[in-house]
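Read-outs throughout are calculated quantities, based only on the coordinates presented, and are distinct from any laboratory measurement. Being a predicted model, the structure only gives us computed values, none of them experimental. Note that each Cβ is placed from the backbone with ideal geometry, even for glycine, and that neighbours are counted across all protein chains shown.
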Amino acid sequence: MAKVFDCIDESLARWLTSQPVWFVATAPLAGDGRINLSPRGHDCLSILGPLQVAWVDYTGSGVETIAHLRENGRICLMFCSFGKRPRIVRLHGTGRVALPGDPIFSEVTAGHPDHPGTRAVIVVDITRVSDSCGYGVPVMDLVGERDLLRLHAEHKGPDGMVEYRATMNAASIDGLPGYPGT
């Protein structure tokens, strides 16, 4: 049985931000729509308050998280410990997309390394924080971060990234509107 917390305290905030990889799940409202589950990594997560987190969202091959949040806002983040102490934490809530020009976009991006693939900040208002055992999660060693996302964005350049978002991030795989401005 999962242990439910009132909020993210200082200890949990440190643990969440120390995880090298975590996962984001969203889904469209349509019953036949595709559920999306995406990994996140790099130094991009911010704890904004006891019931609010955000992360710097990089341009990727798809735009499911943004499209689903624009449609219905439902989101779940899952963090797993791959170290010796097993643990899984899930943050359920409502998310929104903050674009350049939004004050929270500037606030969150300022707290993380500059990245040429940055397209948005995702802000999550948390309605449930739960912790479960994680006994089935393997113990693994982190070798390092991949730099391929950065290299891809640097190679394309700012104009190329705008074009990429316009073609590859305009709609979700279910046809929902994707990245705003495309």
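Just in segment 31-90: which trypsin sites (Lys or Arg not before Pro) are loop by DSSP and have at most 10 other Cβ atoms within 10 Å? Answer in residue order: LYS84. The loop-placed chymotrypsin sites (Phe, Trp or Tyr not before Pro) in segment 76-175, going by DSSP, that have at most 10 neighbouring Cβ atoms within 10 Å of their Cβ come out as TYR135. Here the mean projected area of the convex hull built on the C-alpha positions of segment 1-42 is 4.8 nm². In the chain, the DSSP-assigned H stretches of four residues or longer account for a calculated mean residue ellipticity at 222 nm of -8000 deg cm²/dmol, using -39500 (n - 2.57) per stretch and the full residue count as denominator. For segment 1-42, the list of chymotrypsin sites (Phe, Trp or Tyr not before Pro) that fall in a loop by DSSP and count at most 11 other C-beta atoms within 10 angstrom is empty.
As a rough guide to protection, the peptides 124-132, 60-68, 150-158 ranked by mean Cβ packing within 10 Å, highest first, stand as 60-68, 124-132, 150-158.
Projected over all directions and averaged, the alpha-carbon convex hull of segment 3-168 occupies 10.5 nm².
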